[in-house]
Number of protein chains: 2
Amino acid sequence: MVALPLMSGMPTIVDMPLPEHPRMSDVAARAGVSLSTVSRALRGASGVAPAVRAEVERAAAELGYVVSRGASSLVTGVTGRIAVLVPFLQPWFFGVALAGVSTRLRASGQDMLVYQVGDVDELDAYVRSLPLRSNVDAVIAVALDLGDTAVARLDEIGLPVVFCGRRVPGRACVFTDDTAAAAGATRHLLNLGHRRVAYVCSRDQTGFSWSSRDRLRGYEAAMAEAGAEAVVVTEPPGHQGGALAMARLLSMAEPPTAVFAESDDVAMGVLQVARRSGIDVPGDVSVMGFDDNDVAALLDLTTVAQPVTEMGERAAELAVRAVRAAGPVRDHVHLDTRLVVRQSTAVPRSRREGPAGGTEQRG
Amino acid sequence: MVALPLMSGMPTIVDMPLPEHPRMSDVAARAGVSLSTVSRALRGASGVAPAVRAEVERAAAELGYVVSRGASSLVTGVTGRIAVLVPFLQPWFFGVALAGVSTRLRASGQDMLVYQVGDVDELDAYVRSLPLRSNVDAVIAVALDLGDTAVARLDEIGLPVVFCGRRVPGRACVFTDDTAAAAGATRHLLNLGHRRVAYVCSRDQTGFSWSSRDRLRGYEAAMAEAGAEAVVVTEPPGHQGGALAMARLLSMAEPPTAVFAESDDVAMGVLQVARRSGIDVPGDVSVMGFDDNDVAALLDLTTVAQPVTEMGERAAELAVRAVRAAGPVRDHVHLDTRLVVRQSTAVPRSRREGPAGGTEQRG
DNA sequence: CTGTTAGCGCGTTCAT
DNA sequence: ATGAACGCGCTAACAG
């Protein structure tokens, strides 16, 4: 083997192609000032002569220089990053919520780190060991119940937490009143004249609560209030669960005349089975959803609309505020839902054909 | 005002509540070794006596110590973060793709930074100034055409780029053959006996390509091959565009007997208008989608399925490899699509009622 | 208003 | 196999 004469200190082919990014010292040299001045100027700190500031900015622009966040966060402790925890990434809700968060964070130049924590164990693993240490400035938990231990851990680290989609006493959170909304939706069905109103809720397989319990409570309250008997069917999440639920409801001795599904997704399974069974909606049965996702409009589904994008934006807003305040932010942001009445709900057949009379049609 | 005797150097109430995280020196002290040894041990580097390594790990665990990525990336240049660029966050496709990326990155302990770049200007702004400098190790562009200048800029910085959902010569990418898939879907309709097959494509408002052009090409090729005349209707994206398109198609002198929509989302608008117009699907008109999103199954839509989750996973895989290799990775990962035949496509009515005979039903 | 100094927490040479 | 020094790129205290 031939010994190649590689003198150290001499540039070799190896270190030439490194496209060395300009550093702050390069900018300083070009602008003819010191490092601190560059730092101050670029950071918008006070105490820099306007002319000097302009000169520094020009030099930076010409060099294509961008401050290294990694380096500055090492000393400031601020990373410019915010973590968003979601149980799933696929469902409509989370995409929309993330879009809201993203929009808000872009406005303040923060970056969005997204973690999918499918079950409580993953969540725990995330909170425990992974990348919290000097990795993010705040955490936004979307439609997620962080356990007490997880929250305690975040507190210990001094990391602000914002809950999005769930009301948590004593914590920064943005939420809608699921219970009241579900009660309102149920009352709408009752007011139409329905008595047998069934509720389809999804089994909580992952240990999280998707506001599921709250909606159930609202339904039950409204039913009790009206003296009607609650009929609750529990199936797996998603439209498949909705389909299973509807199949079960249709095999009851006295099938319901109205079905309130926990979410639009579930409602779609209900609609599918209804259609395939030749059951007219809303003629034979009314169907109510929850969410107002983009398919709901398409299917003419009456549903409860939540301002999901705004929830994301507001949650991000709280997170940013918490970072800036460097102290606890405990705001509760309560957003309104609204009932969107479409074609999937109507007066029950019994009412139309009954003694009340009117312009009802038969056959 | 009373002057408070605050001696510097003396701990005040201000710096006491800071929940000081343990640093590497704390671990070193507790294990009775030096910083370098702790660093080596925790990083799994060679040259540490097994006993010492165990001792260090124990000390770290007891202190709840986690290595600061910020600090280590300052010296190694590796951030452990990968940026994912998406044009939108809401559509089904992106949620699923992100889930794939997330899963793969979790496996190697990388974090996922998500940026929504709604139009080319935002993209440019992102690539140009924002957080690239020592902020991420690689970039995954999902269903996005990075312009040449943007790519050149990333090259300049030395940041690996992986394209997900689009074939880019000379670049790492994972993709499906949209042209072939669209051609296959079109041929399926032609083989059923349809001659007037319309294509609904969405206007590219943002300057991005959603594989739209490729699918159109496949459709046109298959039509030409069969000697059939191409009928292309262009409308805004989403199901609203699909609805508009179907309305236009239905007002033609000779409406098509089959409609091939660029995406399932568009197809849903087509289905909606068909249903509202009392047009039977597939009796009067066949409808074909593209994507196989979760609603397609619900609506019995025949469509082209893409392995979106796998696309995300493979893209992340390439990104991780590029980071490790520290050199260019140019793999092309070609994934297969498949036609999912459901109830929205069938032999055209003319064929069923025509001279071919058979067990067709009338009325 | 500006420059100088001293670290932020860690990886990486070198010695030993 | 281990430890001491140095520096990653930047900000924060000081001095001038």
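The values are calculated or read from the model by the stated rules, or taken from the named source; none is laboratory data. No experiment lies behind these values; they were computed from the predicted model shown. Virtual Cβ from ideal backbone geometry, glycine too; neighbours counted across all protein chains shown. Calculation scope for accessible area: heavy atoms of the full protein, side chains included, ligands and nucleic acids excluded. Shrake-Rupley method; radii C 1.70, N 1.55, O 1.52, S 1.80 Å.
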Phi-derived 3J(HN,Hα) across the stretch A:187-203 with the Karplus relation (6.51, -1.76, 1.60, θ = phi - 60°), rounded Hz, x for Gly and Pro, is 4, 4, 5, 5, 5, 5, x, 6, 10, 8, 10, 9, 10, 10, 10, 9, 5
Inter-copy distances for A:Gln343, label 7 Å out on the Cα-Cβ vector, sorted ascending, nm, one decimal, are 1.8
A 1.4 Å probe over the protein heavy atoms gives chain B a carbon and sulfur accessible-area percentage of 54 percent
Once all protein chains are kept in place, B:Glu317 shows an accessible area at probe 1.4 Å, nearest 10 Å², of 60 Å²
Probe 1.4 Å, protein heavy atoms only: B and A together bury a total accessible area in Å², to the nearest 100, of 4400 Å²
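In percent, what relative contact order does chain A have, based on Cα pairs under 8 Å that are 6 or more apart in sequence?
Details: 643 pairs, mean separation 57.8, N = 363.
Relative contact order, chain A: 16 percent.
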The equivalent-ellipsoid semi-axes of chain B, taken as the square roots of five times the Cα gyration tensor eigenvalues and listed largest first in whole Å, are 57, 22, 19
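Can you give the accessible area per residue of chain B, in Å², using a 1.4 Å probe? Display every interim value, and only then the final one.
Numbers: 16620 Å² over 363 residues.
It amounts to 46 Å² per residue over chain B.
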Residue separation between A:Val78 and A:Glu225 times 0.36 nm, minus their alpha-carbon distance, gives in nm 47.8 nm
Simple spin-label estimate for B:Asp331/A:Thr149, 7 Å along Cα→Cβ, in nm, reads 3.7 nm
Taking the label point 7 Å from Cα along the Cα-Cβ vector, the copy-to-copy distances for B:Val78, listed from shortest in nm with one decimal, are 3.0
For the pair B:Asp280 and B:Ala54, the simple spin-label estimate (label points 7 Å beyond Cα toward Cβ) gives in nm 7.8 nm
Heavy-atom accessible area of B:His188, protein chains in place, probe 1.4 angstrom, given in Å² to nearest 10, is 40 Å²
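For B:287-298, what's the mean count of beta carbons from other chains sitting within 10 Å of each residue's beta carbon?
Mean shielding by partner chains, rounded to a whole number: 3.
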Across A:83-91, the residue-averaged tally of Cβ atoms belonging to other chains within 10 Å stands at 4
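Using a Förster distance of 45 angstrom, determine the FRET efficiency expected from the C-beta separation of B:Arg321 and A:Arg213, and round it to 0.05.
Values: r = 44 Å, r/R0 = 0.98.
FRET efficiency, B:Arg321 to A:Arg213: 0.55.
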Output row for B:Glu225: copy-to-copy label distances, label 7 Å along Cα→C-beta, ascending, in nanometres, one decimal, is 6.2
HN-Hα couplings for the stretch A:90-95 via Karplus (6.51, -1.76, 1.60; θ = phi - 60°), in whole Hz with x for Gly/Pro, come out as 6, x, 3, 3, 6, x
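Nearest 500 deg cm²/dmol is fine: what mean residue ellipticity at 222 nm does the protein assembly as shown get from its DSSP H runs of n ≥ 4 alone, each adding -39,500 (n - 2.57), divided by its residue count?
On the way: 28 runs with 313 residues, N = 726.
Helix-only estimate at 222 nm: -13000 deg cm²/dmol.
Tell me whether the stretch A:223-363 comes out rounded, prolate or oblate; compute the Cα gyration tensor, take square roots of the eigenvalues as a ≥ b ≥ c, and use a/c under 1.5 as the rounded threshold. Please report the intermediate quantities before stating the final value.
On the way: a/c = 2.50, a/b = 2.17, b/c = 1.15.
In terms of gyration-tensor shape, prolate.
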